[in-house]
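The values are calculated or read from the model by the stated rules, or taken from the named source; none is laboratory data. Every value quoted in this text rests on a predicted model; they were computed, and no experiment measured them. Methodologically, a virtual Cβ is constructed for each residue, glycine included, from the backbone with ideal geometry; neighbour enumeration extends over all protein chains shown. Remember, those area values only see protein heavy atoms, side chains included, never the ligands or the DNA or RNA. Shrake-Rupley method; radii C 1.70, N 1.55, O 1.52, S 1.80 Å.
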Amino acid sequence: MSNIITFFSDAYKGLARESWMLSVIMLIYRSGSMVLPFLRVCLTEEFNVWVIPFLSAITSIRAEDKNIGAYMGLFGGIFSAALFLSPLLGSFIAENYGFRMLWLTISLLIVISLCGIWYTYTQKLFGGKNSEAETLKKKSKEEQE
């Protein structure tokens, strides 16, 4: 065990103080995001308060019951990839094309995301294959029979 500790301490001894500070800050920042799922469960079950982030709610509504795990897993994976890649891409765009292009790119991505959310929401409510409108029609037909 001491060989492993010595190996890692020797490998990272030469890093600048700023690198260590950035690593500690990122560890604290990322650790804080692990609290959110537990906070949601606690608030929902203990205090009967519904705290569901908007995109997670849309993802769970859109998924069929048998595929909800796959949908939520894909959502979590894409969200994690975005948290990893966005600083890299943002700094690349800012360095090579300037901050004006960075803000224009972010604005374009926000508009595309909002269009996707709107499309998903309207398809679920007003005519998708799993829409609530379709479910309500089926229920009303069953009640009439």
(message) I'd like the Karplus ³J(HN,Hα) series for the stretch 91-105: coefficients 6.51, -1.76, 1.60, θ = phi - 60°, whole numbers in Hz, and an x wherever there's a Gly or Pro.
(response) 5, 4, 5, 5, 5, 8, 10, x, 6, 4, 5, 4, 5, 5, 5
(request) Would you check the accessible area of Ile110, probe 1.4 Å, heavy atoms only, in square angstrom rounded to 10? (result) 90 Å²
(message) Test of understanding: what is the full-extension gain from Ile112 to Phe84, defined as 0.36 nm times their sequence separation minus their Cα-Cα distance?
(response) 8.1 nm
(request) Take Trp118, Trp20 and sort them by solvent-accessible surface of the protein heavy atoms, 1.4 Å probe, largest at the top. (result) Trp118, Trp20
(request) Take Asp65, Asp10 and sort them by solvent-accessible surface of the protein heavy atoms, 1.4 Å probe, largest at the top. (result) Asp65, Asp10
(request) Treat each spin label as a single point 7 Å out from the Cα along the C-beta direction, and report the Ile5 to Ser19 distance in nm. (result) 2.2 nm
(request) Ignoring everything but the protein chains, give the 1.4 Å probe accessible area of Tyr12 in square angstrom, nearest 10. (result) 100 Å²
(request) Round to the nearest 10 and report in Å² the accessible area of Val24, as given by a 1.4 Å probe over the protein chains' heavy atoms. (result) 80 Å²
(request) Go through the stretch 11-23 residue by residue and turn each phi into a ³J(HN,Hα) via Karplus (6.51, -1.76, 1.60, θ = phi - 60°); whole Hz please, and just put x for glycine and proline. (result) 5, 10, 5, x, 6, 5, 4, 5, 5, 5, 5, 4, 4
